[in-house]
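The block underneath contains the structure these notes are about, expressed in structure tokens.
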Amino acid sequence: MEAYIVGGYRSAIGKAPRGVFRFTRPDDIAEKVIRRLLEDFPQLDKERIDDVVVGNAFPEAEQGFNMGRMLSLMSLDTVTVGGSTINRYCASGVEAIAIASAKIKAGLADIIIAGGAETMSMVSMGGWRGVTNYNVSKNNVSWYHGMGLTAEAVANEYNVNREDQDAFALESHNRALSAVKNGHFKEQIVPIEVEQVYVDGNGKRAVKKSIVDADEGPRPSKIEGLARLKPVFAAGGTVTAGNASQMSDGAAFLMVVSEKIVKELNLTPIARLVDYQVAGVDPYKMGIGPMAAIPKELKHAAMKLN
Amino acid sequence: MTRIIKKVAVLGSGVMGSGIACHFANVGLEVLLLDIVPRELSDAEKAKGLTLESKVIRNKIVDTALKTAIKSKPAPLYKTEFAKRITTGNFDDDLAKIKDYDWVLEVVVERLDIKKIVFGNVEKYRKKGSLITSNTSGIPIETLIEGRSEDFQKNFCGTHFFNPPRYLKLFEIIPSTKTDPEVISFLDDFASRILGKNTVLAKDTPAFVANRVGTYSIMALFHSIRELGMSIPEVDALTGTLIGRAKSATFRTADVVGLDTLVHVANGVRENTKDEANELFQIPDYLQTMLDKGWLGQKTKQGFFKKEIIDGKKKFLALNLETLEYQEYPKVRVDVIGAAKKIDDLAKRMVLLINDKSKVGDFFRKSFYGLFQFVSNRIPEISDDVYRIDDGLRAGFGWQLGPFENWDAVGVAKTVKEMEEAGVKPAQWIYDMLESGAETFYKIENGVKKFYDIPSKSYKVIPGGEGKLSLELIRSSNVLWENKEASIIDLGDGVINVEFHSKMNTIGAGTLAALNKAVDMAEESYKAVVISNEGEHFSAGANVGMIYMLAIEQEWDELAYAIKAFQNATMRLRYSGIPVVAAPHGLTLGGGCEICMHADKVIANAETYMGLVEFGVGLIPGGGGTKEFALRLGDEIKTGDVRTNAFMNRYLSIGQAKVATSGYEAFDLGYLRPGIDEVVPSREHQLSYAKQVALTMSAKGYVQPARRNDVKILGREAMALVYVGADSFTVGKYMSEHDKLIAEKLGYVMSGGDISIPLTEVSEDYLLELERKAFVELCMQRKTLERMQSLIKTGKILRN
């Protein structure tokens, strides 16, 4: 039985560690996104949902206690739907969608809410108590290399120079700004109200509320500004705060359903996960992952790049 | 009436005002810093819709000035968090607040008319009886109180800080004719004990004491350099550390101070004095040209010196006073300088230089005869007492010896004769002094320093000595035991002091012997041991040369033995039947830091720079320091703490060879213990306080602590992180492969060896053995030997 994506929403992406969502828990953000998603399906009895699968890269602290199950309880107003939390680091959200699609195709479920939520402001990379494996640390330490070091390794081995990286970053910002300007994200973003209760300059308790509905990352940049930044992961390196990905806070969820449900509830599919493959490369140059995964995927799907 | 200062208001946020506010915050006071409201808005501000009424605009001047000061180097605050003790405001909105303040300090622009307006406004709100002072450097104190009320005048005094207020110890107290004597004695005590200053009472004369003599000295050289046909680098080579003066000597000092500031002081003296030296305060033509061109020194990036990049290399050029062009000068090489540098004793060195037969000798004779004549003529004009003038130059200009101390060093009677022959006669009282049988300006009698008092023609005790214990004064009759590297001195009342006196107070076998001997002696017949000295630095660390020799000869057993001796010595300080108090100051590195860490209490001076820096010579602390860090870590960890993070914090102090930039910062780096160790701002009071603390511990009842066999170590859990962290830094090229090796050895010892159960309990000896073994293994590494060699030969840290 085929699986279809019939709806999806996301929060705006805030910058970590000091952006708009730095005092807002990821489960609180995710709840609002899931509720908005469900509003599009008033005809759906929530107790028919089979599972909530949530991707998260450091499921501890504000993202702990099986966030998937907590979100199910927080967002669905029923105790009868389960929830799980899965981790494939940055691909956790995509993995959640793959799990949902696979289960539905296998006939194990009909309706799954799948997506991801993360706060890098409250739980930074490595988590609160990073305890590496002693033997691995001693004998295969590069398996623990952070993305900054892996980026430098890729840049060095494949001769991706600083100028090209900066140019790519500039283009990325420009495309994002253009998309924002043209309102491409307007429909998919759920405005989230953020509340801060604090003590003001006069020592009095105060409350501040605001609505977050715009991505914080894209900014007008100049190539000269990017060129001035110093490398942050290696002395004499090429990866800077400007040409590396930002750290972010946010959430996004899709509704994945079986063909049977599409027909029953008269839904319009938006997309379908056709195929999904996973491959590994030497962790020290993690960034070249697509060089292994894409050929494998194309072979498996018996498709060509074009 | 007891005067207590709880809150200080500083009026004026310029370089001095902001710096002074920071220093009051340093010692723990609540400070209010005020300046004027801006007169107009910038275009950007107008565009934001701000007005002159907006709060952020009204405090813009003071806020910007304070922020700039806090970021300046060297840091004016002991810790940046202390800035929270300072509140800013402006004269219009906030001056009324001074009604609750105990001390108002005026530091506004050097104009009498403006200062008078400020004082008029201060009078409207000032609390009766509160202290009101001015930091003026050139305006007569007497004129500042004109028209003020009686209470104002009684409580007013000049209080002249020197730049930068945190670091330069001189504090001139300049009373007016109306200043209450209680105010003078209060300021003397407060500035000394609480602000850590060296106080000098000065008369209300142009440039007071230090600047009058210091500027004379500089101006005299500004003129004589042309007469003697010398170059700027030559004069600086002769008037810096060679004669016990600041490294920046004469012309470099002028650049640092700022030529406009210097000229301002010189003009003030020239216009307001009529003595024999008046002409020397005239600005030479080349200096006027420099001012006209805006070459003001460091602040304008060029003055007498200029940094330039020539052929890709950074060069330090000096001004040619004839051509007024900058050029490169060859390094100054003069035979007598080489010979003089070999003499450690400054007094002996001065004798050599002033008797030199060459052009260099001429230079020194001319300079010093002039200086001696000048200062002798300034008494009683600027001060009644010789020691105040010497204090002023030592504390304000960094001279190791003041002018009269200099004169004593080269021989008063002999020099007077030579001065007469050169046509540079000193004042009459000098002749009277020699005639009365007094041959020197100072002498030490029974551990007390006395000065020649001119009116009574007799020697008097230098006042202000109560509460200040000085090794220099009591040493001669109180040495109980000594060797080449250290002495044990009786401080009286049952307390003995171990004083290091090796080169840079490095720690060798002799020092360790002295430490052991002192503890033995104290357990036998005294109450407590204090470890302190009066060298430039407490200790630069272990004698690396000694370790290097053993390592190069591959005498591994001997080396292990020597390290064990060091560990035994520090452990002896910890495990002794009497209290041991360490009182460090200045650089307290490596072994010096380890010694302090094993004392029962550390009474550190505010300007103490503690650090375990062994990484820089390719080693880890081997005198018990690594063990001690592991021990303190184990004690600090509570259930539920993220212990690996606590480990990393402590690990990085040693791994990155962190040196604290103040006594307070040493707590953050783990070298000092909160609730146990203390910081004292005053160098003069530090030893007597340390002695007092030792006696209190003894009186309270002291027991030798039980040996520790319950030190919690983290084992492989922490070592895994060290492997990952060291690797990341190395791959990121922030560390070399050799750094990585040292890092892993450090981690191994600090994590307690290859143990798989976290929080396993071990003894100190277990850790000391790991420390010793790792130390020896590192000494077997060629790159470590190269690092040690670099330090020994060039004093530089090699990162190989």
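Structure summary
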{"quantity": "Qualifying residues in the stretch A:222-245 (those that are of a type in the set (S, T, N, Q) and crowded, with 17+ Cβ neighbours inside 10 Å) - the one farthest from the other protein chains (Cβ to nearest Cβ)", "calculated": "A:Asn243"}
{"quantity": "Any helices (runs of 4 or more DSSP H) falling wholly within the stretch B:303-390 and containing at least 3 residues that are of a type in the set (Phe, Trp, Tyr), under 30 Å from B:Pro140 (Cβ atoms) and touching a residue at least 40 places away in the same chain (Cβ under 8 Å)", "calculated": "none"}
{"quantity": "Subset tally (residues that are buried (at least 17 other Cβ atoms within 10 Å of the Cβ) and closer than 18 Å to B:Phe500 by Cβ) for the stretch B:529-561", "calculated": "15"}
{"quantity": "Answer from A:Ile294, A:Ile211 - the residue that is loosely packed, with under 12 Cβ neighbours inside 10 Å, within 30 Å of A:Leu177 (Cα to Cα) and of a type in the set (A, V, I, L, M)", "calculated": "A:Ile211"}
{"quantity": "Contacts under 6 angstrom Cβ, first residue in the stretch B:133-147 being under 15 Å from B:Pro175 (Cβ atoms), partner of a type in the set (Ser, Thr, Tyr), 6 or more apart", "calculated": "B:Thr133/B:Thr159; B:Ile141/B:Ser176; B:Glu142/B:Ser176; B:Leu144/B:Ser134; B:Ile145/B:Ser176"}
{"quantity": "Filtered residues of the stretch B:305-338 (kept if of a type in the set (D, E, K, R) and exposed (fewer than 10 other Cβ atoms within 10 Å of the Cβ))", "calculated": "B:Asp311, B:Lys313, B:Lys314, B:Glu325, B:Lys331, B:Arg333"}
{"quantity": "Filter pass, B:Ala690 being in contact (Cβ under 8 Å) with a residue 12 or more places away in the chain and surrounded by 20 or more Cβ atoms within 10 Å (Cβ to Cβ)", "calculated": "yes"}
{"quantity": "Condition check for B:Phe82: closer than 20 Å to B:Ser130 by Cβ, outside the structural domain of B:Leu669 (by TED's automatic domain parsing), touching a helix residue (DSSP H, G or I) at 6+ places or on another chain (Cβ under 9 Å) and among the aromatic types (Phe, Trp, Tyr)", "calculated": "no"}
{"quantity": "Selection count, the stretch B:473-489, where residues are surrounded by fewer than 18 Cβ atoms within 10 Å (Cβ to Cβ) and in contact with a strand residue (DSSP E or B) (Cβ under 8 Å, 6 or more places away or on another chain)", "calculated": "6"}
{"quantity": "Given (1) within 14 Å of another protein chain (Cβ to nearest Cβ); (2) among the β-branched types (Val, Ile, Thr); (3) farther than 26 Å from B:Val731 by Cβ, number of the condition A:Val94 does not satisfy", "calculated": "(1)"}
{"quantity": "The stretch B:94-115, residues that are without any contact (Cβ under 8 Å) to a residue 60 or more places away in the chain and surrounded by fewer than 17 Cβ atoms within 10 Å (Cβ to Cβ)", "calculated": "B:Ala96, B:Lys99, B:Arg111, B:Leu112, B:Asp113, B:Ile114"}
{"quantity": "Test result for A:Glu152, facing another protein chain (nearest Cβ under 10 Å), among the acidic types (Asp, Glu) and touching a helix residue (DSSP H, G or I) at 6+ places or on another chain (Cβ under 9 Å)", "calculated": "yes"}
{"quantity": "Which listed residue, of B:Ala266, B:Ala237, B:Ala191, is buried (at least 19 other Cβ atoms within 10 Å of the Cβ), in the same structural domain as B:Ile20 (by TED's automatic domain parsing) and part of a helix (DSSP H, G or I)", "calculated": "B:Ala191"}
{"quantity": "Helices (runs of 4 or more DSSP H) (entirely within the stretch B:1-104) containing at least 3 residues that are touching a Phe, Trp or Tyr at 6+ places or on another chain (Cβ under 9 Å)", "calculated": "B:15-26"}
{"quantity": "Count of residues meeting criterion [assigned to a loop (DSSP other than H, G, I, E, B) and over 10 Å from A:Ala151 (Cα atoms)] in the stretch A:238-247", "calculated": "5"}
{"quantity": "Positions within the stretch B:46-71 being touching a Pro at 6+ places or on another chain (Cβ under 7 Å) and of a type in the set (Lys, Arg), in sequence order", "calculated": "B:Lys60"}
{"quantity": "Among the candidates A:Val131, A:Val136, A:Val123, A:Val141, residue that is of a type outside the set (D, E, K, R) and within 23 Å of the chain's Cα centre (by Cα)", "calculated": "A:Val123"}
{"quantity": "Filter pass, A:Ala102 being touching a strand residue (DSSP E or B) at 6+ places or on another chain (Cβ under 9 Å), within 30 Å of A:Leu76 (Cα to Cα) and away from every other protein chain (no Cβ under 12 Å)", "calculated": "yes"}
{"quantity": "Any chance B:Ile637 is of a type in the set (A, V, I, L, M) and under 28 Å from B:Ser532 (Cβ atoms)", "calculated": "no"}
{"quantity": "Inter-residue pairs, beta-carbon under 8 Å, first within 14 Å of A:Val262 (Cβ to Cβ) and in the stretch A:40-52, second hydroxyl-bearing (Ser, Thr, Tyr) and part of a loop (DSSP other than H, G, I, E, B), 6+ apart", "calculated": "none"}
{"quantity": "Tabulated pairs, the stretch B:164-191, first in contact (Cβ under 8 Å) with a residue 24 or more places away in the chain, second surrounded by fewer than 20 Cβ atoms within 10 Å (Cβ to Cβ) and assigned to a loop (DSSP other than H, G, I, E, B), C-beta under 7 angstrom, 6+ apart or interchain", "calculated": "B:Pro164/B:Pro74; B:Tyr167/B:Pro74; B:Ile174/B:Asp204; B:Ser176/B:Asp204; B:Phe186/B:Arg3; B:Asp188/B:Gly464; B:Phe190/B:Ile5"}
{"quantity": "Residue match in the stretch A:264-282 (condition: touching a Lys or Arg at 6+ places or on another chain (Cβ under 7 Å) and either of a type in the set (S, T, N, Q) or touching a residue at least 24 places away in the same chain (Cβ under 8 Å) (or both))", "calculated": "yes"}
{"quantity": "Condition met for A:Ala61 (touching a Phe, Trp or Tyr at 6+ places or on another chain (Cβ under 7 Å) and crowded, with 18+ Cβ neighbours inside 10 Å)", "calculated": "no"}
{"quantity": "Any chance A:Glu163 is surrounded by fewer than 18 Cβ atoms within 10 Å (Cβ to Cβ) and either away from every other protein chain (no Cβ under 12 Å) or part of a helix (DSSP H, G or I) (or both)", "calculated": "yes"}
{"quantity": "Evaluation of A:Tyr4 against (1) closer than 28 Å to A:Gln277 by Cα; (2) assigned to a helix (DSSP H, G or I); (3) not hydrophobic (A, V, I, L, M, F, W, C) (one fails), failing number", "calculated": "(2)"}
{"quantity": "Where A:Thr150 falls short, out of the listed (1) in a loop (DSSP other than H, G, I, E, B); (2) modelled with pLDDT of 95 or more", "calculated": "(1)"}
{"quantity": "Lone qualifier among B:Gly361, B:Gly338, B:Gly423 - being at positive phi and either of a type outside the set (Phe, Trp, Tyr) or at pLDDT 95 or above (or both)", "calculated": "B:Gly423"}
{"quantity": "Filtered residue count, the stretch B:595-627, keeping only those that are among the charged types (D, E, K, R) and over 16 Å from B:Ser539 (Cβ atoms)", "calculated": "3"}
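The values are calculated or read from the model by the stated rules, or taken from the named source; none is laboratory data. It should be emphasised that the depicted structure is a prediction, and the values quoted were computed from it without experimental measurement. Note that we place each Cβ from the backbone using ideal geometry, even for glycine, and neighbour counts take in every protein chain shown.
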